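Working notes, beginning with the structure itself.
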Amino acid sequence: MRLALLACPWTTAAAQWQADAGPRSAALGAPVGGSIERYLRAAAVAGRMHPLPTAARGLLPAELRAAMLADSTPHPWRAALLQATRDRRAAGAQLFVSANSSMPWGANDGAMWQGRGLNAALGAGAVFETRHLTALAAPALAFSQNAGFPLMPQFFPERLSDLVDPQYTEVVDLPQRRGIRPETRLLPGESSLRVSAFGLTAGISSASEGWGPGETFPAILGANAGGFSRIFAGTNAAGVRLGPFGTLSARYVLGVLEQSNWSIVTATDTFASITASGRRRMATGLSASFTPAALQALEIGATRFYHLPWRGSGRQWTGWAKPFSGLFSGDEVLGPAAADSISNQLGSLFIRVRVPKARLETTVELLRDDYNYSGRDLVQEPENNGALLSSVRIATSSSASAISLLTIELFDGDIRPIAQQRPQGALYTNGSLLQGHTSDGQLLGAPIGAGVVSGQRVAWERFTATGSRRIALQRWRPRSVVITDVEGLYRPPPVIIPKAYDWLYDLSAATLDQRGAASRSLEVGALYAGVWQLRRTAWNVYARASTTIF
């Protein structure tokens with residue numbers, strides 16, 4: 001396919017295969033954020049199968065089938081996953097329904113907007129495989145009642161409507177509410193066309209993609225916003241063996257990001273100036289990890305992701321090599337046009353360590369938003385504009401018939417002490433490409449929010465041959481107001497803010513049952529906002545259900 005096809009104005013979203021669907025849905029692979037991906041991780045931590053690299057996640061049916069065949073150790077879903085991926089032609093459908101009592105609430109669920117009230121998605125999926133080609137189509141029709149709720153007043157009310165992000169209005173595209181009416185969209189979803197041979201793969205896709213070990217809090221790319229239109233090239237899910245040295249996993253992407261209808265950026269798609277940066281952005285990035293042959297329990301990786309101006313006159317893709325450029329902003333040479341020097345880099349370094357005898361896995365990832373100016377800047381101030389993500393997973397039981405996994409995840413995006421000496425930016429925002437790290441109004445990375453944010457999550461899940469059971473508790477701080485005397489750090493808002501931060505507590509329980517060709521899932525939860533929108537206490541009771549047939 002020609003690269004020019006990516007210029008089509010797709011609005012991408014998950015076809016809701018990320019919703020809890022049973023092992024029979026493996027006919028369409030293991031999408032990012034879904035129950036099959038969680039199961040594969042649990043089985044690996046429990047020592048029932050060999051772990052897959054985390055540099056670029058989202059498996060095709062053939063990759064999932066190969067992972068099952070690579071290890072004969074029995075585990076609860078092995079037979080069902082093999083059966084589901086046996087046929088090279090398959091089709092299925094899923095109905096997903098959710099409801100929120102008082103506010104929008106949903107994360108890592110694709111581009112579907114789970115607003116207040118009733119939400120629903122009807123998805124269909126089909127896959128066609130040959131020896132080297134996989135075509136997967138998974139469109140969805142999504143609906144959101146999008147009922148009203150008390151909006152947070154704007155810090156700068158003279159600029160835009162109350163629907164936009166109230167704190168970072170000028171530097172991120174995160175609407176509080178997607179308009180004032182119900183919303184219905186037909187979406188291309190988790191679709192892709194891929195060619196694979198000799199451990200390598202390339203193609204075109206709109207599917208979700210996960211970079212790094214983050215699950216609830218993916219640093220760079222995850223399932224929160226769904227996918228975006230792109231071409232890609234890299235290794236398959238298992239990586240490529242580099243002789244006696246180890247295994248390399250890598251993925252390069254080049255695509256286009258769209259904004260929502262509630263961004264402050266108007267006028268044309270193309271870049272004109274800092275204040276008229278264009279409604280589209282070019283996205284390109286690289287994620288890679290290495291597992292040494294002598295130390296299979298270790299995975300070391302890094303990611304780089306760029307937002308670049310969308311430029312006219314056939315120059316949209318001139319920045320394709322940006323992920324391979326110098327590491328520091330001082331390396332850039334300014335071109336004759338402002339667009340030549342404007343980009344926003346996000347990057348991370350991560351490590352995953354397994355302790356097989358203890359059935360334990362731990363990960364650490366350092367996220368950086370924007371450049372260091374030089375090597376000296378990096379060495380002296382590594383915490384500048386950054387966040388720290390970590391997790392621990394322990395298999396509390398492991399057998400051929402049942403696996404239980406305890407997961408603890410942390411996201412620490414607080415302002416560092418370095419802010420006492422120099423200005424700091426806000427995570428996932430950008431002052432030149434004004435949509436921030438988003439796609440269609442949702443964050444591409446951790447769904448927790450933009451700015452000074454943090455979160456913790458504890459989950460326990462038990463997998464058996466007939467499904468799974470899960471209970472989870474999470475605590476998020478999705479919004480903070482930081483007022484300081486340090487010039488340039490943050491401007492005090494011109495309105496009175498009763499509270500300095502939000503705190504949300506979410507307790508949920510979920511069940512998944514596989515019966516023959518059909519699976520059913522149900523999740524219920526309660527969200528308590530001790531401080532919501534920096535002002536008030538609130539409760540939200542929610543429920544999510546899905547039925548999948550293959």
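The values are calculated or read from the model by the stated rules, or taken from the named source; none is laboratory data. Predicted model, so just to flag it, every value in this text is computed and none were measured. Positions of Cβ are generated from backbone atoms using ideal geometry, with glycine treated the same way; all protein chains shown enter the neighbour counts. Calculation scope for accessible area: heavy atoms of the full protein, side chains included, ligands and nucleic acids excluded. Shrake-Rupley method; radii C 1.70, N 1.55, O 1.52, S 1.80 Å.
Here are the numbers:
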| item | result |
| --- | --- |
| Net charge of neighbours whose Cβ lies under 9 Å from the Cβ of W310, counting Lys and Arg as +1 and Asp and Glu as -1 | +3 |
| Rounded FRET efficiency, nearest 0.05, which uses the C-beta distance separating I274 from K357 and R0 of 51 Å | 0.40 |
| Rg to Rh, two decimals, where the chain supplies the alpha carbon set and Rh follows Kirkwood | 0.94 |
| Net +/- balance of residues flanking S546 in space, Cβ distance below 12 Å, scoring K and R +1, D and E -1 | -2 |
| Dipole magnitude (debye, nearest 20) for segment 189-289, charges at Cβ of Lys, Arg, Asp, Glu | 220 |
| Virtual paramagnetic centre 7 Å along Cα→Cβ of W320, amide N under 19 Å, in segment 273-298 | 281-287 |
| Simple Cβ-charge dipole of the chain, Lys/Arg +1 and Asp/Glu -1, about Cα centre, in debye nearest 20 | 1360 |
| Ratio of Rg to Rh over segment 39-154 (Cα coordinates, Kirkwood Rh, two decimals) | 1.09 |
| Among F245, S404, T268 the positive-end extreme of the charge dipole of the chain (Cβ point charges) | S404 |
| Mean separation of Cα contacts under 8 Å, 6 or more apart, over the residue count of segment 24-155: relative contact order % | 21 |
| Overall dimensions of segment 84-238 as given by Cα atoms, namely Rg and Dmax in Å | 18.7, 59 |
| Rounded percent of accessible protein surface that carbon and sulfur make up, the chain, 1.4 Å probe | 62 |
| Accessible solvent surface per residue of segment 185-306, calculated while the other protein chains remain in place, 1.4 angstrom probe, Å² | 33 |
| Helical contribution to [θ] at 222 nm, DSSP H n ≥ 4, -39,500 (n - 2.57), averaged over the chain, rounded to 500 | -1500 deg cm²/dmol |
| Rounded FRET efficiency, nearest 0.05, which uses the C-beta distance separating A66 from A465 and R0 of 25 Å | 0.70 |
| Estimated FRET transfer efficiency when R0 is 35 angstrom, pair R89-W539 (beta carbons, to 0.05) | 0.15 |
| In nm, spacing of pseudo-spin labels at V392 and A135 (7 Å Cα→C-beta vector) | 5.0 |
| Residues listed by number, segment 448-481, amide nitrogen under 14 Å from A402 label point at 7 Å toward C-beta | 461-470 |
| Simple spin-label estimate for V240 and D162 in nanometres, 7 Å along Cα-Cβ | 5.5 |
| The chain: relative contact order in percent, alpha carbon pairs under 8 Å with at least 6 residues between | 16 |
| Pair V379, Q456: separation of 7 Å Cα→Cβ label points (nm) | 3.6 |
| Charge tally in the Cβ shell below 13 Å around R78, where Lys, Arg are +1 and Asp, Glu are -1, R78 excluded | +2 |
